[in-house]
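The structure appears right after this line, and notes come after that.
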Amino acid sequence: MSDLFDDPTPGQNTPEFTVSELSGEVKRTLEGTFGRIRVRGEVGRVFTARSGHLYYDVKDDRSVLACTTWKGQVSKLAVVPEEGLEVIVTGRLTAFGAQSKYNMNVEEVAVAGQGALMALLEKRKKQLEAEGLFAPERKQALPYLPRFIGVVTSPSGAVIRDILHRLRDRFPRKVLVWPVAVQGKNCAAEVANAINGFNAFTPGGALPRPDLIIVARGGGSVEDLWGFNEEIVARAVAASTIPLISAVGHETDTTLIDFVSDQRAPTPTAAAELAVPVRLDLLAWTGEQGARMTHAIGQSVQQRKQRLKDMSRALPKPERLLDEPRQKLDIVSDKLPNALIRGVQNRRVQLSQKSAGLRPKTLENHVARRRGEMEKIAARLSPTPLKREVSRQMDNLKSLGQRLEQAQSIRIDKHRQHLTSTGRQLEILSYRATLDRGYAVVRSGKQLITTSAAALRASDLNIEFADGAIDLGKTTETP
């Protein structure tokens, strides 16, 4: 900077700066003087550009500070600025020389005080409730005995050990753990990705799709649990097609995920108790139901046996059932010989009556009648009627042949007349009729000559008259 003061303009003590030099000096002075700073204020106007950069104001009752968070820094913010939220922003003060403005490049955003956090939480809660994410009718029922349970939590904390221990005591199940950060700026994004990831599993794939998801974390302050109050987590829980239990914090801790989840557990251990029943209780209940079923079946069999005995008393003895049929058999046996004799006698009488109608005279009359009928049929089939019918058909055939010849002759005459008329028209239209009137056709080879110039250019000429044609050699032009 010393070179700017070495050569002042004669007659003046104040050095000259270009606009860019002055802007650069101001930028270096601001960045060198303030460096990394923290500013507390209320978030004003918030604008997200198409490029992904975030522009907003931090203000108090007298001044406004323009702030910028670049696209690559937005994903690292623990709290996204919202209008009206009191925050503490951390970053570097810099100047934008092109417009003679200064602003602050914010790298971190934190909510200023628990009261502001609770206000923001209440605002988000009302927004999500208005959208219907807390509605009871959209909550899913938990499976009674899930085969696979997905747990979203820190893999190194006591929470996962408590859940596994409780599941082992009650009813051992297979558990898939999706490790996430349970606090800090990466918490919300990782928890939302874990929930979406479990839902993206394909049933029957290499990794089994969970039948139930548990999102768990131990107790902590409002700031520690704030990742589970983020909107991205609440919407991921609402979009989950797998039933979900929230077990964040202790019984007195409440986060947004508790309102959106299908079931809230006061502690992670309680979440494991909600997830599966007690195996020993099930075994005891199954044994009790089996004993009740065995007792009920025994009683039913005993009742039916007693009822069968009671009904059998009203039935007659077997030997008495055969007394009446035996008596009927004896009576029928006694009547059978006489019945056979009477039947043979009746058949003899009927045979005699039938044979009386077959006397010789009757047969002769029947044969004579049949012979007469045969003669009548033979007379109808004599050759004379057949000859007459053949003759009639021959006459019809000759008549049809004559008609056909006449029709064919008329048709041929009609075509002959049409052909003659067409030939006449062709002769009238032919150029030969023109030759008869004194004209001639001049050709050179196959080319028709119609002008004198073409005739002079031709090597030889052929002139056709009505009575013949003559050939001429090369002609010359006459002067």
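Computed from the coordinates by the stated procedures, all read-outs in this text should not be read as laboratory data. Please read all numbers here as calculations on a predicted model, not as lab measurements. Every residue, glycine among them, receives a Cβ derived from its backbone with ideal geometry; neighbour counts consider all protein chains shown.
Where in the chain is the longest stretch that carries no chymotrypsin sites (Phe, Trp or Tyr not before Pro) classed as loop by DSSP and with at most 16 other Cβ atoms within 10 Å?
Formally, the longest exposed-site-free interval is 145-438.
Treating the beta-carbon of each Lys and Arg as +1 and of each Asp and Glu as -1, no other charges, what is the dipole magnitude of the chain about its Cα centre, to the nearest 20 debye?
6500
With the dipole of the chain worked out from charges on the C-beta (+1 for Lys and Arg, -1 for Asp and Glu) around the Cα centre, which of Phe228, Ile410, Asn462 lies farthest toward the positive end?
Of the candidates, Ile410 comes out farthest on the positive side.
Among 446-452, 276-282, how do they line up from the highest to the lowest mean number of other beta-carbon atoms within 10 Å?
Packing order, densest peptide first, comes out as 276-282, 446-452.
PRE reach from Arg124 (point 7 Å along Cα→Cβ): which of the stretch 250-277 fall under 15 Å by backbone N?
Once the point is set 7 Å along Cα→Cβ of Arg124, 254-261 turn out to lie under 15 Å by backbone N, inside the stretch 250-277.
Would you mind pulling out the separation of the Cα centroids of the stretch 200-227 and the stretch 274-344, in Å?
So the separation of the two Cα centres works out to 62 Å.
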